[in-house]
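Engineer: Below is the structure I would like to discuss, written out as structure tokens.
Read the figures in this text as sums done on the coordinates, not as results from a lab. It should be emphasised that the depicted structure is a prediction, and the values quoted were computed from it without experimental measurement. Neighbour counts are summed over all protein chains in view; Cβ atoms, including those assigned to glycine, are modelled from backbone coordinates with ideal geometry.
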Amino acid sequence: MWRAVICGRAVRSTMKHCFGCGVHGNAIDFVIAIENVPFPEAVERMARDLGLALPERDPDAEAKDDLAKRMTDALTAAGAAYSQALRGSDGAKARAYLQKRGLGEEDWARFGIGYAPNSRTWLRDKLTQGGHASADLVEAGLLKAPDDGAAAFDFYRGRVMFAIEDARGRVVSFGARTLDPDGQPKYLNGPDSLVFNKSRNLYRYAHARVAAKDKPILVAEGYVDVIALERAGFAAVAPLGTALTEDQLV
């Protein structure tokens with residue numbers, strides 16, 4: 001049991017779990033799921049129903065929330081683009097690598113696997129044409145802006161992509177493995193951002209937390225190791241290019 005604090009008052013919210021469908025959460029999660037509203041609006045509705053007044057939102061905090069939403073939208077769109085590329089003509093080499101590692105097509109969607117074509121502007125062109133601002137793509141770690149002020153270019157190129165999610169299951173970054181035998185670095189992790197911190201996030205944590213129940217969560221070294229353990233029925237996670245931190249163990 002935990003307490004949500006609304007305007008200085010604690011509102012008791014008992015954690016619930018449905019053993020039929022596997023859904024679990026609290027009162028705020030319930031409002032988000034049933035009403036299909038974001039977290040801030042769910043809190044506002046609960047406060048209104050309880051007759052509590054919420055403090056005025058900080059304009060800076062609201063701007064950060066808006067940016068975070070645009071970033072996660074862009075990251076989700078990038079994941080869909082990488083997934084599509086893996087299945088296209090450019091993805092043949094990536095598909096061969098995945099098959100060699102024992103990962104068939106049924107695993108690609110389940111584990112958020114895709115492919116970033118070896119092009120400086122493939123993702124930039126695709127997402128900006130879809131309405132995403134280049135500046136948001138840079139903030140999300142999908143593009144890299146040169147120091148000389150030239151146009152931003154794709155951060156990931158010619159790599160197998162692994163979607164990294166936060167505790168709520170939202171795509172917040174990517175891990176990428178090179179397909180070039182001499183390519184360095186072998187694995188490339190997205191930079192820290194407003195929605196992603198490699199010292200706090202863990203690969204597949206949201207899924208491991210649900211799968212673990214009363215079982216321990218295993219910590220593996222890499223993405224494919226985690227996938228292999230999960231396919232074998234274990235709950236597993238992996239750090240993201242850093243040593244395991246205290247924040248990740250909590």
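Engineer: Please find the FRET efficiency linking residue 62 to residue 187, where r is the Cβ-Cβ separation and R0 is fixed at 30 Å, and quote it to the nearest 0.05. Spell out each step's value before the answer.
Structural biologist: Details: r = 36 Å, r/R0 = 1.20.
After rounding to 0.05, the efficiency reads 0.25.
Engineer: Right, another one. So how strong a dipole does the range 148-232 carry about its Cα centre when Lys and Arg Cβ are +1 and Asp and Glu Cβ are -1, to the nearest 20 debye?
Structural biologist: About 400 debye.
Engineer: Relative to the Cα centre, what is the charge dipole magnitude of the chain, using +1 at the beta carbon of each Lys and Arg, -1 at the beta carbon of each Asp and Glu, and rounding to the nearest 20 debye?
Structural biologist: Numbers: 33 positive and 33 negative charges, 161 e Å.
Dipole of the chain, to the nearest 20 debye: 780 debye.
Engineer: Roughly how big is the range 64-125's charge dipole about its Cα centre, with Cβ charges of +1 (Lys, Arg) and -1 (Asp, Glu), in debye to the nearest 20? Could you put the intermediate results ahead of the total?
Structural biologist: Details: 11 positive and 8 negative charges, 49 e Å.
The calculated dipole for the range 64-125 is roughly 240 debye.
Engineer: Now for a different question. Where does the charge balance sit around residue 211 when Lys and Arg score +1, Asp and Glu -1, over other residues with C-beta under 13 Å from its C-beta? Intermediate results must be reported in sequence, preceding the final value.
Structural biologist: Details: positive: 110, 204, 209, 213, 215, 231; negative: 214, 230.
Here the count lands on +4.
Engineer: May I pose another question? Given the range 101-235, report the % of alpha carbon pairs whose separation exceeds 25 Å.
Structural biologist: The share of Cα pairs beyond 25 Å in the range 101-235 comes to 30 percent.
Engineer: With no solvent and one equal point scatterer placed on each C-alpha of the chain, evaluate the Debye formula and give log10 I(q)/I(0) for q = 0.11, 0.17 Å⁻¹, two decimals.
Structural biologist: -0.69, -1.38
Engineer: Something else now. Compute the length gained on full extension between residue 168 and residue 118: take 0.36 nm times their separation in residues and subtract their Cα-Cα distance, giving the result in nm to one decimal. Could the numbers behind the result be given before it?
Structural biologist: On the way: separation 50, 0.36 × 50 = 18.00 nm, distance 3.08 nm.
Stretched fully, the residue 168-residue 118 segment lengthens by 14.9 nm.
Engineer: Looking at the chain, do any whole DSSP H helices span at least 27 angstrom along their long axis by alpha carbon and average -1.0 or above on Kyte-Doolittle, and which?
Structural biologist: What comes out of the filter, once short or polar helices are dropped, is 59-87.
Engineer: Using only DSSP helix segments of four residues or longer, with each worth -39500 (n - 2.57), what per-residue ellipticity at 222 nm results for the chain after dividing by its residue count and rounding to 500?
Structural biologist: Numbers: 10 runs with 100 residues, N = 250.
So the calculated ellipticity at 222 nm is -11500 deg cm²/dmol.
Engineer: Could you calculate, for the range 26-126, the ratio of the Cα radius of gyration to the Kirkwood radius, expressed as Rg to Rh? Write out the running numbers ahead of the final one.
Structural biologist: Values: Rg = 20.2 Å, Rh = 17.0 Å.
Radius of gyration over Kirkwood radius for the range 26-126 works out to 1.19.
Engineer: Compute the whole-percent fraction of alpha carbon pairs in the range 87-133 spaced more than 15 Å apart. Walk me through the intermediate numbers first.
Structural biologist: Working: 573 of 1081 pairs.
The proportion of pairs with Cα distances above 15 Å equals 53 percent.
Engineer: Another question, then. Quick one: compute the contact order of the chain, relative version, from alpha carbon pairs under 8 angstrom and 6+ residues apart, as a percent. Walk me through the numbers on the way to the answer.
Structural biologist: Working: 365 pairs, mean separation 30.7, N = 250.
Over the chain, the number comes to 12 percent.
Engineer: Calculate, in nm to one decimal, what residue 125 and residue 211 gain on full extension: separation in residues at 0.36 nm each, minus their alpha carbon distance. If you can, show how the numbers build up before the last one.
Structural biologist: Numbers: separation 86, 0.36 × 86 = 30.96 nm, distance 3.78 nm.
Taking residue 125 through residue 211 to full extension adds about 27.2 nm, to one decimal.
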